[in-house]
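Structure first, then comments.
The values are calculated or read from the model by the stated rules, or taken from the named source; none is laboratory data. No experiment lies behind these values; they were computed from the predicted model shown. When we count neighbours, we look across all protein chains shown, and the Cβ atoms used for this are built from the backbone with ideal geometry, even at glycine. Heads up: the accessible areas ignore ligands, DNA and RNA and are worked out on the full protein's heavy atoms, side chains in. Shrake-Rupley method; radii C 1.70, N 1.55, O 1.52, S 1.80 Å.
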Amino acid sequence: MSVFSDVPQASPVAVFKLTADFREDSHPLKVNLGVGAYRTDDSQPWVLPVVKKVERLIVEDSSLNHEYLPILGLPEFRSAASKVALGDDSPAIAENRVGGVQTLGGTGALRIGADFLWRWYNGTNKTATPVYVSAPTWENHNGVFTDAGFKDIRPYRYWDAAKRGLDLTGLLDDLENAPERSIFVLHACAHNPTGTDPSQDEWKKIAEVMKRRKLFVFFDSAYQGFASGSLERDAWAIRFFVSDGFELFVAQSFSKNFGLYNERVGNLTVVAHDSKSLACTLSQMEKIVRTCWSNPPSQGARIVSKTLNSPELFAEWKGNVKTMADRVLLMRDQLKTKLQALGTPGTWEHITQQIGMFSFTGLNREYTTCTHTPAQAHPSVNMLCISELCQQSSTRVKHLTTCPDTAALDCDKYFKH
Amino acid sequence: MSIFCKVPQAAPVAVFKLTQDFTKDQFPTKVNLGVGAYRTDEGQTWVLPVVKRAEKIIVSDDRLNHEYLPILGLPEFRSSVSRIALGDDSPAIQENRVGAVQCLGGTGALRIGAEFLRCFYNGNNNTKTPIYVSAPTWENHGAVFTSAGFQDIRPYKYWDAQTRGLDFVGFLSDLESCPERSIFVLHACAHNPTGTDPTQDQWKQIAQVMMRRKLFVFFDFAYQGFASGNLENDAWALRYFVSRGFELFCAQSFSKNFGLYNERVGNLTIVSRDTDNLKRVLSQMEMIVRTTWSNPPSQGARVVALTLTSPELFSEWKDNVKTMADRILLMRSQLKAKLQALGTPGTWDHITEQIGMFSFTGLNPKQVEYLVKEKHIYLMSSGRINMCGLTTKNIDYVAESIHEAVTVVQ
């Protein structure tokens, strides 16, 4: 009898299962709209030219070795990453109250931040502090905070299925009614999975309530540069909150904007009120990191650091990022145009109003049985894969449009862990 | 007022603080015997030649991209490293009951394994299962299991300060008297920090008690090849336990034997009774990984996988490993010889009897303080030294200093 005999089978992580199913499907016209990675117009993965260049520089640099990084990570990476989020001229940085923890992608940043909050935030009531995530949100948010020890993960209203846009009234209402000091996970830009972001005015309203109700701001920033093509524009919300005096966390991922998905490059930016609080916070972050991965991996951080810290490479990188962002914008535009040309029932404005990699089409599960796209846990599509659809004949796109019941989605389903 | 104003300053991690102090020290003949990384005879860090080669191959391979790895890691890495631990001809592997999770170094492997055990071992979410770690042990073991939720971390007798060897009787007695199903963290070879391993006979006796008392075996395997210079020898204990029918975990690190410290290359090898149990275990491991780092980093795993699966690189790697192991053996032998030649009080056989990177010198905290403050020789307060910090240039100074410390400070 095995010591593991009572271990139940876990269900596979939906998005990886989707890709696994897609790979097994032999249909010639199959399309994977689920994958959360950039694809070229030939549906290929793309290693950014600047990344390739820097990888060569690194391998040729005999002054580099493989000694352990500090627990908090490569110093030049941490400072460059926080700078890219907060801006070169950030007063908070100048005031020495901004720190970074190099982490394993955005997931790692969320997890370390969550672990810290569970231990040190909100006095003795730590475990019970409610954590609010948008309805819907990235499917892993709930799991990360749960495994960090939080028992009370709640949705805040976000996606309005009827109008296919932001439910600002609901959001503000939830902010007003949340217990003081609740933790809110906000998407800095290019909301995943809806692609729908608050406007600047809406962010201001959100900030006002959050400050008044002492809510903790935890930004998830996985698409800086990738959303609008502009680093500054995509960081507007973060920078606004910082300028408004908030202490906050930002979980940054460089998976998408550097195409470095598998090197796990992330940074947890910590903005504190003063440098002493920052120092204490970082010292506790060290303890948390030490029992998780001890110290972070070097390769991805070196690539990002070298790129961000060299004017020439930085410019080249911004060009590469804009290439990706522009292609997404083009695909959005083309899809909407084609749907409108076909006279597809419903409105499709949201496709170009939304931003970033994903689009919440408003299509439901029926869609998946009509076309040859694999069944999905939620109908968020990767706009970059739309190029395949657009290139093929109009019958293909017609499939999209002749399905019955292109009704609104039930978002509750996508909230659950 | 900051919301973080009540967050206390944490004490720095001792071994990193030691290196910081060493770096700041201006003394011309300072020596760092604290850090747990290989150094050449010139006192330099060493990127293994085979690693350099593999990195160049990887950067030139246009078929490779940076797409997410599977949650459990690079498949060819996982299979090749489990094979390296258990042997090419391992029956357990052939029987499809060995699985692997690519992790962030040995630490990551310990953590994922610990989280799994807390969730699913000995009941559901049983945080009370005792975790036994050797006295002494790597300073992070207890903390990793505590972070995973376990509330009861206990020492098992291991180091006998009197004999400067293994307290085998004490060890066995702890195995006999602990609660059934307790989890034991065993060092597969090159015990950190004592450098003292059980003999094969002793391992057999340990296994016998553990099997009878249903204790869970969790190997920490950070020095395969690095200890004796031979991969098979260093894996003997692990393979013995597997051959005796144990289900077990093995946290492997490739930080030292590949010199890839900062790429965080590790693996949690899982040996189960059968494929079905293994499959369910791995599915739960995926859940745990997903909320920790989502999927692991590619670079280090590619270097290791390429090396282990290519006969020429594999052979070059084994040579590189032997180079490191041999230098350590030489330093051990020379240090002992010099201390004996100086007539330093005490016995110093343990220096050559111990194995791996570390030696528990037997120096007490006062003597250690003397070495650090007066002689600018940095070592852990436990008396642990990293043999790699010794070189032909500094070994005389170190031997003389130890002699001084032992005779001047009681």
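Within region B:256-271, how many residues are open to solvent by less than 10 Å² (accessible area, probe 1.4 Å) and out of contact with any strand residue (DSSP E or B) (no Cβ under 7 Å at 6 or more places or on another chain)?
Within region B:256-271, residues that are open to solvent by less than 10 Å² (accessible area, probe 1.4 Å) and out of contact with any strand residue (DSSP E or B) (no Cβ under 7 Å at 6 or more places or on another chain) number 7.
Taking A:Ser243 as meeting all but one of (1) over 17 Å from the mean Cα position of the chain (by Cα); (2) away from chain B (no Cβ under 14 Å); (3) under 24 Å from A:Ala301 (Cα atoms), write down the number of the exception.
All conditions are met except number (3).
Out of everything in region A:283-302 that is of a type in the set (Gly, Ala, Ser) and within 7 Å of chain B (Cβ to nearest Cβ), what residue ends up being nearest to A:Leu64 (Cα to Cα)?
Keep residues of region A:283-302 that are of a type in the set (Gly, Ala, Ser), which gives A:283, A:294, A:298, A:300-301.
Next cut, within 7 Å of chain B (Cβ to nearest Cβ) only: A:283, A:294, A:298, A:300.
Numbers: A:Ser283: 27, A:Ser294: 20, A:Ser298: 11, A:Gly300: 14 Å.
Ranking the candidates gives A:Ser298 first.
Would you confirm whether any residue within region A:152-173 is basic (Lys, Arg), within 16 Å of the chain's Cα centre (by Cα) and crowded, with 18+ Cβ neighbours inside 10 Å?
no
Residue under question is B:Leu33, and the condition is that it be surrounded by 20 or more Cβ atoms within 10 Å (Cβ to Cβ) and more than 10 Å from every other protein chain (Cβ to nearest Cβ); does it hold? Write out each step before concluding.
Values: surrounded by 20 or more Cβ atoms within 10 Å (Cβ to Cβ): yes; more than 10 Å from every other protein chain (Cβ to nearest Cβ): yes.
Here the answer is yes, as B:Leu33 does meet what is asked.
Would you mind listing the helices (runs of 4 or more DSSP H) fully within region A:1-86 where at least 2 residues are closer than 30 Å to A:Val242 by Cα, of a type outside the set (A, V, I, L, M) and in the same structural domain as A:Leu231 (by TED's automatic domain parsing)?
Values: elements: A:14-24, A:49-60, A:75-86.
In region A:1-86, the matching helices (runs of 4 or more DSSP H) lie at A:75-86.
For A:Val185, only one of the following conditions fails: (1) under 27 Å from A:Phe226 (Cβ atoms); (2) open to solvent by 10 Å² or more (accessible area, probe 1.4 Å); (3) away from chain B (no Cβ under 12 Å). What is its number?
(2)
Within region B:305-320, does at least one residue satisfy the condition of being within 30 Å of A:Leu260 (Cα to Cα), within 9 Å of another protein chain (Cβ to nearest Cβ) and either of a type in the set (Ser, Thr, Tyr) or free of Cβ contacts under 8 Å to residues at least 12 places away in the same chain (or both)?
No: region B:305-320 contains no residue that is within 30 Å of A:Leu260 (Cα to Cα), within 9 Å of another protein chain (Cβ to nearest Cβ) and either of a type in the set (Ser, Thr, Tyr) or free of Cβ contacts under 8 Å to residues at least 12 places away in the same chain (or both).
How about region A:223-239: which of its residues are of a type in the set (A, V, I, L, M, F, W, C) and out of contact with any Lys or Arg (no Cβ under 6 Å at 6 or more places or on another chain)?
Matches in region A:223-239: A:Ala227, A:Leu231, A:Ala235, A:Trp236, A:Ala237, A:Ile238.
Tell me the strands (runs of 3 or more DSSP E) entirely within region A:135-227 that contain at least 3 residues that are without any contact (Cβ under 8 Å) to a residue 60 or more places away in the chain and under 25 Å from A:Leu86 (Cβ atoms). Reasoning before the result, please.
Numbers: elements: A:153-157, A:183-187, A:216-221.
The qualifying strands (runs of 3 or more DSSP E) are A:183-187.
Give the number of residues within region A:107-129 that are within 12 Å of chain B (Cβ to nearest Cβ), farther than 23 Å from A:Ala222 by Cα and small (Gly, Ala, Ser).
1
With the requirement that a residue be hydroxyl-bearing (Ser, Thr, Tyr), part of a loop (DSSP other than H, G, I, E, B) and open to solvent by 50 Å² or more (accessible area, probe 1.4 Å), what does region B:341-380 give you? Walk me through how you get there before you give the answer.
Here is the first cut: in region B:341-380, the ones hydroxyl-bearing (Ser, Thr, Tyr) are B:344, B:347, B:352, B:359, B:361, B:370, B:378.
Filter once more, keeping what is part of a loop (DSSP other than H, G, I, E, B): B:344, B:347, B:361.
Correct list: B:Thr347 only.
Being in a helix (DSSP H, G or I), over 18 Å from A:Ser82 (Cα atoms) and open to solvent by 10 Å² or more (accessible area, probe 1.4 Å) narrows it down to one of A:Gly319, A:Gly346, so name that one.
A:Gly319
Select the helices (runs of 4 or more DSSP H) contained entirely in region B:161-246, then report the ones holding at least 2 residues which are more than 20 Å from B:Phe360 (Cβ to Cβ) and open to solvent by less than 10 Å² (accessible area, probe 1.4 Å). Can you show your working first?
Working: elements: B:168-177, B:200-212, B:231-234, B:236-243.
It comes to B:200-212, B:236-243.
Suppose we filter region B:247-282 for residues that are over 13 Å from the mean Cα position of the chain (by Cα), of a type in the set (Val, Ile, Thr) and not in a helix (DSSP H, G or I); how many remain?
3
So which residues in region B:116-134 are more than 8 Å from chain A (Cβ to nearest Cβ) and touching a helix residue (DSSP H, G or I) at 6+ places or on another chain (Cβ under 9 Å), if there are any at all?
Matches in region B:116-134: B:Phe116, B:Leu117, B:Arg118, B:Cys119, B:Asn125, B:Asn126, B:Thr127, B:Thr129, B:Ile131, B:Tyr132, B:Val133, B:Ser134.
Against the condition part of a strand (DSSP E or B), at pLDDT 95 or above and charged (D, E, K, R), how does A:Arg233 come out, does it pass?
Details: part of a strand (DSSP E or B): no; at pLDDT 95 or above: yes; charged (D, E, K, R): yes.
No.
Given the residues B:Ala143, B:Ala114, B:Ala109, which is the only one that is open to solvent by less than 10 Å² (accessible area, probe 1.4 Å), more than 19 Å from B:Ala190 (Cβ to Cβ) and at pLDDT 95 or above?
Exactly one residue qualifies, and that residue is B:Ala114.
Can you name every residue in region A:342-379 that is of a type in the set (Lys, Arg) and modelled with pLDDT of 70 or more?
Quick first cut of region A:342-379, residues of a type in the set (Lys, Arg) only: A:365.
Correct list: empty.
Inspect all residues belonging to region A:89-106 and state whether any of them is exposed (fewer than 15 other Cβ atoms within 10 Å of the Cβ), farther than 23 Å from A:Pro311 by Cα, within 13 Å of chain B (Cβ to nearest Cβ) and free of Cβ contacts under 8 Å to residues at least 24 places away in the same chain. Explain how you work it out, then say what you get.
Restricting attention to region A:89-106, the residues satisfying the condition of being exposed (fewer than 15 other Cβ atoms within 10 Å of the Cβ) are A:89, A:91, A:94-96.
Retained after the next criterion (residues that are farther than 23 Å from A:Pro311 by Cα): A:95-96.
Now drop any that are not within 13 Å of chain B (Cβ to nearest Cβ), which leaves A:95.
If we keep only those that are free of Cβ contacts under 8 Å to residues at least 24 places away in the same chain as well, we get none.
Within region A:89-106, none of the residues are exposed (fewer than 15 other Cβ atoms within 10 Å of the Cβ), farther than 23 Å from A:Pro311 by Cα, within 13 Å of chain B (Cβ to nearest Cβ) and free of Cβ contacts under 8 Å to residues at least 24 places away in the same chain.
How many residues are open to solvent by 10 Å² or more (accessible area, probe 1.4 Å), of a type in the set (A, V, I, L, M) and modelled with pLDDT of 95 or more when one looks only at region A:112-151?
1
Quick test for you: out of A:Gly225, A:Gly195, pick the one residue that is touching a Gly at 6+ places or on another chain (Cβ under 7 Å), buried (at least 24 other Cβ atoms within 10 Å of the Cβ), away from chain B (no Cβ under 14 Å) and at positive phi. Working first, answer last.
Values: A:Gly225 fails: touching a Gly at 6+ places or on another chain (Cβ under 7 Å).
Answer to the selection: A:Gly195.
From the list A:Ala37, A:Ala81, which one is facing another protein chain (nearest Cβ under 8 Å), open to solvent by less than 40 Å² (accessible area, probe 1.4 Å) and within 19 Å of the chain's Cα centre (by Cα)?
Numbers: A:Ala81 fails: facing another protein chain (nearest Cβ under 8 Å).
None of the other options fit; the residue is A:Ala37.
Based on this model, can you work out whether B:Arg264 counts as touching a residue at least 12 places away in the same chain (Cβ under 8 Å) and basic (Lys, Arg)?
yes
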